[in-house]
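The values are calculated or read from the model by the stated rules, or taken from the named source; none is laboratory data. It should be emphasised that the depicted structure is a prediction, and the values quoted were computed from it without experimental measurement. Quick reminder, even Gly has a Cβ in these numbers, built from the backbone with ideal geometry, and neighbours come from all protein chains shown. Heavy atoms of the whole protein, side chains included, go into the accessibility calculation; ligands, DNA and RNA do not. Shrake-Rupley method; radii C 1.70, N 1.55, O 1.52, S 1.80 Å.
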Amino acid sequence: MGALIASNKTRVIESATVRGIRNHNPGNIRANKIIWDSQTGIDDAGFAIFKSPEWGIRALAKLLLNYEKIHGLNTVEGIIGRYAPVKENNTGAYINSVAGSLGVDPYTPFSVGEKLTPLINAIIKHENGINPYSAVLIANGISLVEGYNYA
């Protein structure tokens, strides 16, 4: 049995039962031909496994920053549309969830870097049903991104 992680008032969630938490991959990033720094493996459903949650958060931060830098995606609709494709997700609900968490219109452009922490928090919560990570742990994960210097 896994360690107790959180109670959401109606049920107790154990770390062993939540894939993203168990794999130290709170964004549920799929593994591909590129191996992430500190990726230690791939689970049987094809998701990357990291050595600690900070490294999984780093991968999520890098991915989101690259969505804007490389692909020009700077709206919740654009980012989540790419991140959580309709073939695997209820993308519309995901977009609305993240936009609501950020307090932005899904189609309004914003700086990903400036909203990186709340964006990561919203994705973690949507992917796992909970966000058990402290602000310090998330900041530590983001700090592992080379060249990232937003406050």
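At a glance:
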{"item": "Long-range lysine pairs (8 or more apart or interchain), the chain, Cα under 23 Å", "result": "12"}
{"item": "Diffusion constant of the chain at 37 °C, which comes from Stokes-Einstein with the Kirkwood Cα-pair radius and 0.692 mPa s, µm²/s", "result": "209"}
{"item": "Sequence of Val104, Val98 when ordered by accessible area, the most exposed leading, probe 1.4 angstrom", "result": "Val104, Val98"}
{"item": "Per-peptide average of other Cβ atoms within 10 Å, ordering 133-145, 45-57 highest first", "result": "45-57, 133-145"}
{"item": "Length-normalised contact order of the chain in % [C-alpha pairs under 8 Å, at least 6 apart]", "result": "23"}
{"item": "Selection from Ala84, Ile21, Val104, by position along the positive dipole direction of the chain (Cβ)", "result": "Ile21"}
{"item": "Karplus (6.51, -1.76, 1.60) ³J(HN,Hα), θ = phi - 60°, over the stretch 117-128, in Hz, Gly and Pro reported as x", "result": "4, x, 5, 4, 4, 5, 5, 4, 4, 5, 5, 10"}
{"item": "Apportionment of accessible area to carbon and sulfur, the chain, percent (1.4 Å)", "result": "52"}
{"item": "Accessible area in square angstrom per residue, the chain, 1.4 angstrom probe", "result": "53"}
{"item": "Shape parameters for the stretch 69-118, alpha-carbon atoms, Rg then Dmax in Å", "result": "10.3, 30"}
{"item": "The chain: most fluctuating residue of Glu114, Glu77, Glu68 per GNM, C-alpha cutoff 10 Å", "result": "Glu114"}
{"item": "Helical contribution to [θ] at 222 nm, DSSP H n ≥ 4, -39,500 (n - 2.57), averaged over the chain, rounded to 500", "result": "-12500 deg cm²/dmol"}
